[in-house]
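The values are calculated or read from the model by the stated rules, or taken from the named source; none is laboratory data. Keep in mind it's a predicted model, so treat the numbers as computed, not measured. Don't worry about glycine lacking a Cβ; one is built from the backbone with ideal geometry, like all the others, and counts go over all protein chains shown.
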Amino acid sequence: MNRFILGFFALALATAPAVANIPSPDLCVLEMDPYWAVLFTLPNGGGNAFTDARGEGGAVDATLTLTVVNSLGDPIYNYPGEDIWLETPSVDFVTCGLANPDSNTDATGQTRWADPLFGGGNSLGSGVQAVIAGGVVPVAAALQFVSADMNGDLQVNLSDITTFTQALAVYDINADFNADGVVNLSDITLMTQGIGASCP
């Protein structure tokens, strides 16, 4: 009897550290304030930072915060950022490599996306999700992406300029880079700044 109890406690102690460092995607949370925003990206990372996204009324801070916890709900410290990334359900938005957060998790289990993404194409209508430990984290945010790389081939070139030019005649939400409801000079400026951008 005593051996059984001792063996049980030894097993519990041996598995505790493993459980402590394994994220539970169902309990992790991806958040953003405000709830909705659009982020302009470029393949070379020259687009807007998450802190300079566009929402209702203009510029908004759309920093994404992911809280990483284990199956007990305890925060996981120093979980590698390289093992966490963003995805969109849309096949029209692509990134140069994985869209990892800016750092490993801190003492509260949190990591953030604030720096510009290296990406192209668009994810309008599909939102964003975080992937960790092979699972998708429930999303409490609606962030969408647009890019001067309008066709998502990870380079801004003549084909994108042609598509953008056509959008000037008839409103195309994918060319409304600053999400103000019109395609105008401000969008032309962003398109011009993006010409030649490609993955590093």
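Here is a check on your reading of the model: is Gly81 closer than 19 Å to Ile132 by Cα and touching a residue at least 12 places away in the same chain (Cβ under 8 Å)? Criteria met by Gly81.
The rows are residues; the columns are (1) modelled with pLDDT under 95; (2) among the aliphatic types (A, V, I, L, M); (3) in a strand (DSSP E or B).
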{"site": "Ala107", "(1), (2), (3)": "no, yes, no"}
{"site": "Leu124", "(1), (2), (3)": "yes, yes, no"}
{"site": "Ala140", "(1), (2), (3)": "yes, yes, yes"}
{"site": "Asp149", "(1), (2), (3)": "no, no, no"}
{"site": "Ser159", "(1), (2), (3)": "no, no, no"}
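Gly47 falls short on exactly one of the conditions (1) within 17 Å of Met32 (Cα to Cα); (2) in contact with a strand residue (DSSP E or B) (Cβ under 8 Å, 6 or more places away or on another chain), and that condition is (1).
Scoring Thr111 on the criteria (1) part of a loop (DSSP other than H, G, I, E, B); (2) closer than 21 Å to Asp33 by Cα; (3) not aliphatic (A, V, I, L, M) leaves a single failure, condition (1). Scanning region 40-59 for residues that are charged (D, E, K, R), more than 13 Å from Pro116 (Cα to Cα) and surrounded by 15 or more Cβ atoms within 10 Å (Cβ to Cβ) yields a single hit, Arg54. Put simply, of Ala62, Ala130 the only residue that is crowded, with 21+ Cβ neighbours inside 10 Å, outside any strand (DSSP E or B) and touching a residue at least 60 places away in the same chain (Cβ under 8 Å) is Ala62. Taken as a whole, the condition of being touching a strand residue (DSSP E or B) at 6+ places or on another chain (Cβ under 9 Å) and under 17 Å from Gly58 (Cβ atoms) does not apply to Leu185.
Being in a loop (DSSP other than H, G, I, E, B) and out of contact with any strand residue (DSSP E or B) (no Cβ under 9 Å at 6 or more places or on another chain) is a property that does not hold for Asp102.
For every residue, the table says whether it meets (1) at negative phi; (2) out of contact with any helix residue (DSSP H, G or I) (no Cβ under 6 Å at 6 or more places or on another chain).
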site: Pro23; (1), (2): yes, yes
site: Asp61; (1), (2): yes, no
site: Tyr77; (1), (2): yes, yes
site: Glu82; (1), (2): yes, yes
site: Glu87; (1), (2): yes, yes
site: Pro101; (1), (2): yes, no
site: Ala107; (1), (2): yes, yes
site: Asn122; (1), (2): yes, no
site: Gly125; (1), (2): no, yes
